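These notes concern the structure reproduced below.
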């Protein structure tokens, strides 16, 4: 039997490249701990995405798989203690790899903070951002070596320390000069 | 590194974070954040803020934004901060702008200059920070401003810079492929970078480039293969290892690239076979990451030119995935199966039970993936089961996005593979009932067309049966609350056309229902319009049949209400209705021939019967007709829309010559609209059909002398001139022709195959009540499902499942089950039966007869199976199918018992071989004994072996808060 096939035109992006659309960290209570958006989302879309996802993910049982469908994309999540790490990837992508990207990130955080806990991320979210920026760039995994990332971050930290001292002494000088 | 308190953050900020952390509700959090926004708005405009302080404000802005509030009032301060010379501040500024701004934000133009400057900095950290911003912020317009510098940075001495430069170029390529098309050679060069990180990063843009244009990268196959080989052989620095795997992320990327390059290219594929095979062999299958690589290998194997050996190892790995306890692996297994099934369809069969397990899994994600797989393997033999399942699932979910997707899949499958029209209609009814608003309107039109003309003229009983069953089902459904509009349209149309056709229902009953619909959905004008038109038809058929029409009071009030409706369409229809009722039988017969919707309407474009009239008119001095093509100045569209064409000469376009003399209303034009009317009904365009009623009332008496020609007017060409564009009435008929065969097939030739599913259905009901008590015995049911899904080796599975049914019937509760089954089979006598039950007059007899003895009942069922199966001999069936039986049993045993005793299952198989009847008893007795055993095994839970395995798994996974890996994520609260 042959009828006209009227297929819904779904706007599923058929791209092979492993684009990560966003990363977010949500606490068990549904509080946002970190978000980074690699594709363009308006503030409204962002809040909606987080709201929807935390609804879906937080209610999932422990033995189910770590992937959920979300609007033609896939969200891969993993729970560490009270914190859920979520990555939104494209439909065609390797979910297990994304899961390991999360774990990779956690291991790097752990190495940096020294047995990291949620509070570390709450109070130092900007540092977590810096680390994430060394791991992922433009939605792609840019570095898979923990050592390289750790080296870069500590180089930045050292420089920041130096710069801070300079800055404070400089501002003192300026302040004195302008008096 | 100090873990808490951060460095240099004020108490104020720490308090903010803390109070948000302690907030009990989202509303409380919002209130705190709003307060913070007010504070920051005030503070930021204060003059002379120290830079340290400013940095903190920016971070607070980031925090606000992260929590989902708008911090745009402070964006400009973040932009300013990027201008600072101090790296410490600059870095914060860049971080903030990358988080705040999208690539099309107005403020970006203020940053480009700073980025340009920073890209030239001799401090590589500043360059890195700038490159991070480039990746996020530079848009198509600003690419040229930074491109030369980024390209220059490809040769930077620091690998971190080179890597980021590559990624920046990759981003440029995504945004505007032309901007970097001349730089492909740079990517190729970076592939040979000394630093593995840079090489790995280079694979990202290459993957993209290859995805767009495979052919120009074929020369790189050798390089990619050799890189992959080296990576797999542990030749990269240890730092790239991940859980003892050699650079798995790079391996995965390379495999993705190879999959693209080898697709449909035998020569390239051959170069890859060895290395992919090596990875299959070597990869550590116990870790997540290893499985990720293996999964990517399977994807690669299914994409490149097929190689039997690789396919085999892929199939092995899939089997392992599917048998795994981990839902993640099962999920990947199902996905991989869907990929491989294109190449080797037979592979699905050995995993049928695993697939069904996944289908019945409580995990939604897994279920959906399995539906995806089933969608890929749907054939006409299993479409009923699959679509049924899909619809059941569709009904159970709320997520509209996915609902729409699965509905469109159901419709697609149903349209492609429907075994019978009856089934198609039933299926569509379910789809419409539960997700009508998500269905394309065309589907509804198809359904109506099918009901109208689904069967050929040569089989009248089936023809009317289909329609009356449709009417029956719609009358049943119509009372349900809140039906979707589209579905109601279908219902009204069908009731109007065929509601009274078989004489089962009186006109007043049907019209009453239609009035109810019009009343219940009084704010849906389309539905009301359909309902009124249906009323017209019902009354017209009544009048034509010479019966007296009694208009129900509610119908009368409906007509009155609609005559005063604001909608001209509804008003028009109401008047038409009144006009039709006033006509005599002869006239009504002509304007509303019964069952005309599927009649081929012959159209003679030349309208020869009008010739006399035209000549007379010309003799009287009328203007001769000028064909459209010879006229100018007409706007075609408005011309087509002119509906009151007998009043005004068809001249809606701008005309520059003087108006002609008014023409007499031309009588001959009256007939065509009637036929348009009835052909319109078919697709039921929700536009007003102004022409029909008026003309009918005015002109029918005069046109009745033109005899049979009216009904058979050919309107092909006419419709282009008059009236609106409609579905051409000729298109339905060709599509109806092929369907005819299948329809007949349902009742006649399909008999043999469709008997068995129906039997299994009957059995299902007997079986269900006891289902929960039998953990192991679920498998027969699954096998049955497997049989219906996967076809093929279904026969002996059916038998083994019969064994299951047998056993339940023997239990006390079985009697009840049998009763219900009989009841269920008896019901279809009054209701339009589901398609598969329909053909089962015989079975009903067989099952309902020996009600007293459930055993005999089942024997009866068995007897039914025998003659229908192609091999009549038990011995034959068993002998030929034994390997399959063993396989399936082996599967069940392992799947259910987890390395429990396999012996019993082997015994089962032996028993099966010794003839069917003994097999059934054996299985039943065996099952009866085996059940407690295996439940005990399962309830025993993690035995030592399991526990060890779990432990090992946990250790491989690394982080598990509850395990002995306490260093990670010790939550302060927990």
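What follows is calculated from the coordinates using simple rules that are stated; it is not laboratory data. Just so we're clear, the structure is a prediction, and the values are computed from it rather than from any experiment. Positions of Cβ are generated from backbone atoms using ideal geometry, with glycine treated the same way; all protein chains shown enter the neighbour counts.
A few notes on this one:
- Cα gyration tensor shape of the range B:517-593, rounded if a/c is under 1.5, else prolate or oblate by comparing a/b with b/c: prolate
- In range of the label at residue B:516: residues from the range B:530-570 whose backbone nitrogen is under 20 Å from the point 7 Å along Cα→Cβ: B:530-539, B:550-559
- Compared with the alpha-carbon gap, the fully stretched path from residue B:604 to residue B:83 is longer by 179.6 nm at 0.36 nm per residue.
- Residue B:480/residue B:566 FRET efficiency (R0 22 Å; Cβ-Cβ; nearest 0.05): 0.20
- DSSP beta bridge pairing in the range A:2-144, given as percent antiparallel to the nearest 5: 100
- Here the spin labels are modelled as points 7 Å beyond Cα on the Cα-Cβ line, and at residue B:504 and residue A:162 they lie 9.0 nm apart.
- Model label sites at residue B:612 and residue B:191, defined 7 Å from Cα along the beta-carbon direction, differ in position by 8.4 nm.
- For residues of B:289-295, the mean tally of beta carbons on other chains within 10 Å: 4
- Estimated at 0.36 nm per residue, the fully extended path between residue B:548 and residue B:392 surpasses their Cα-Cα distance by 51.6 nm.
- 10 Å Cβ neighbours from other chains, averaged over peptide B:403-410: 2
- Cα gyration tensor shape of the range B:311-450, rounded if a/c is under 1.5, else prolate or oblate by comparing a/b with b/c: prolate
- Three-way shape call for the range A:2-144 based on the alpha-carbon gyration tensor, with the a/c threshold at 1.5: prolate
- Between residue A:28 and residue A:176, the simple spin-label model (points 7 angstrom out along Cα→Cβ) gives 5.4 nm.
- Theoretical gain in end-to-end length, residue B:360 to residue B:379 [0.36 nm per residue, Cα-Cα removed]: 4.8 nm
- Residue B:416/residue A:44 FRET efficiency (R0 35 Å; Cβ-Cβ; nearest 0.05): 0.35
- Highest mean packing first, where packing is the average number of other Cβ atoms within 10 Å per residue, the peptides B:37-45, B:271-279, B:169-177, B:502-510 line up as B:169-177, B:271-279, B:502-510, B:37-45.
- Between residue B:270 and residue B:113, the FRET efficiency from the beta-carbon distance, with R0 = 60 Å, is close to 0.70.
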